[in-house]
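Each remark here refers to the structure printed beneath this line.
Only the coordinates and a few stated rules stand behind these numbers; no lab work does. Values in this document were obtained by computation on a predicted structure and should not be read as measured data. With ideal geometry, Cβ positions are generated from the backbone for all residues, glycine too; neighbour counts draw on all protein chains shown.
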Amino acid sequence: MILSSLLPSKDAPEVPSNNFASCSASRSVTPIRCGLRELRGHTDSVKSTQKITKAMKLVAAAKVRRAQEAVVNGRPFSETLVEVLYNINEQLQTEDIDAPLTNVRPVKKVALVVVTGDRGLCGSFNSSIIKKAEARIAELKDLGLDYTVISVGKKGNTYFLRRPYIPVDKFIEGNTLPTAKEAQAIADDVFSLFVSEEVDKVELLYTKFVSLVKSDPIIHTLLPLSPKGEICDVNGNCVDAAEDEFFRLTTKEGKLTVEGDAVRMQTPEFSPILQFEQDPVQILDALLPLYLNSQSLTSLQESLASDLAARMSAMSSATDNAVELKKNLSILYNKERQAKTMGEILEIVAGANALT
């Protein structure tokens, strides 16, 4: 919480002073020693913080709507493209087709594409996806598999740079607005790693946007493109993390709502007697790069929408805390000023009585 520095610690020692009166910001907080000048300074500081957090909340609220629309508009294309590729891949299983991105081989090394944000002050958004990555790395170590990380986003880059024991293949800086160029940089690196057989599986770790108050960090298998969704290591043990999650966003009474399902969007299956007008290799060569770029861009858009929603929620809570703290400090200031005034009056009366 951004206002945590303004709240007194329960373990903080009291500052002894003969001229300072005892005051507390709330009943549940240990009293602190402060005077009128200190209270005025605290109040002004909280007012300034409130203005900043409120402005950041409004900025995030203005941006989250566009990011939300980008997510809603991009999901149908991305999910339908995946289903089409699955169906084409199944049709071509009986033919001698060399499509390197669909080759399922025993897993010895896994590439983790970790998508984080570029800034803080967004609650647990960045820490949640980093914890998800740490948990996945621990699972891979337990399975005896090697791994490498492709870090996307400044927060993730900073985290992995401070931990040299985690192998990182590439650091990619994020942008304020995800673009196809940024997604292409991720797709190119993933493509080169998988085709050269440096890695046998690629997983996307990003925060999936559910609603303005909820986002879920998930793991999504990017490569190889396998409709069965079960990829094993050299010993035959399944190394899949979890099922992919898909959410349908709809509108009810003019408002955007979310209905969650743990199933993949269904598309009509292709006929078993389907014939390709072009060479199937040419079709896959055209669609698979588009698939990588589309999935990378989708993960960036989902992450941005989740980032802005988390930032808006965090700044809203910080603003509410600032209002409450300012109210408590104002009450304390008035009490302190009244006590000081009454003390001066009593001193004057006592002095007058002593002269009579």
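In the stretch 173-209, what residues are within 23 Å of Phe125 (Cα to Cα) and surrounded by fewer than 21 Cβ atoms within 10 Å (Cβ to Cβ)? Talk me through it step by step, then tell me what you get.
Step one: filter the stretch 173-209 for residues within 23 Å of Phe125 (Cα to Cα), giving 173-179, 182-183, 186, 202-209.
Glu173, Asn175, Thr176, Leu177, Thr179, Glu182 - these are the residues of the stretch 173-209 that are within 23 Å of Phe125 (Cα to Cα) and surrounded by fewer than 21 Cβ atoms within 10 Å (Cβ to Cβ).
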Among the residues of the stretch 318-332, is any surrounded by 10 or more Cβ atoms within 10 Å (Cβ to Cβ), in contact (Cβ under 8 Å) with a residue 40 or more places away in the chain and more than 23 Å from Ser45 (Cα to Cα)?
no
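Go over the candidates Thr49, Thr80 one by one and state the one that is surrounded by 19 or more Cβ atoms within 10 Å (Cβ to Cβ) and in contact (Cβ under 8 Å) with a residue 60 or more places away in the chain. First the steps, then the outcome.
Details: Thr80 fails: surrounded by 19 or more Cβ atoms within 10 Å (Cβ to Cβ).
Result: Thr49 is the single residue among Thr49, Thr80 that is surrounded by 19 or more Cβ atoms within 10 Å (Cβ to Cβ) and in contact (Cβ under 8 Å) with a residue 60 or more places away in the chain.
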Considering only residues that are in contact with an Asp or Glu (Cβ under 8 Å, 6 or more places away or on another chain), among the basic types (Lys, Arg) and not in a loop (DSSP other than H, G, I, E, B), which ones fall in the stretch 108-160?
Lys109, Arg136, Lys154, Lys155
Criterion: more than 26 Å from Pro224 (Cβ to Cβ), surrounded by 15 or more Cβ atoms within 10 Å (Cβ to Cβ) and among the hydroxyl-bearing types (Ser, Thr, Tyr) - qualifying residue of Ser128, Ser151:
Ser128
In the stretch 138-163, how many residues are without any contact (Cβ under 8 Å) to a residue 60 or more places away in the chain and touching a strand residue (DSSP E or B) at 6+ places or on another chain (Cβ under 7 Å)?
9
Restricting to the stretch 49-85, name every residue that is more than 17 Å from Val210 (Cβ to Cβ) and of a type in the set (Lys, Arg).
Lys51, Lys54, Lys57, Lys63, Arg66
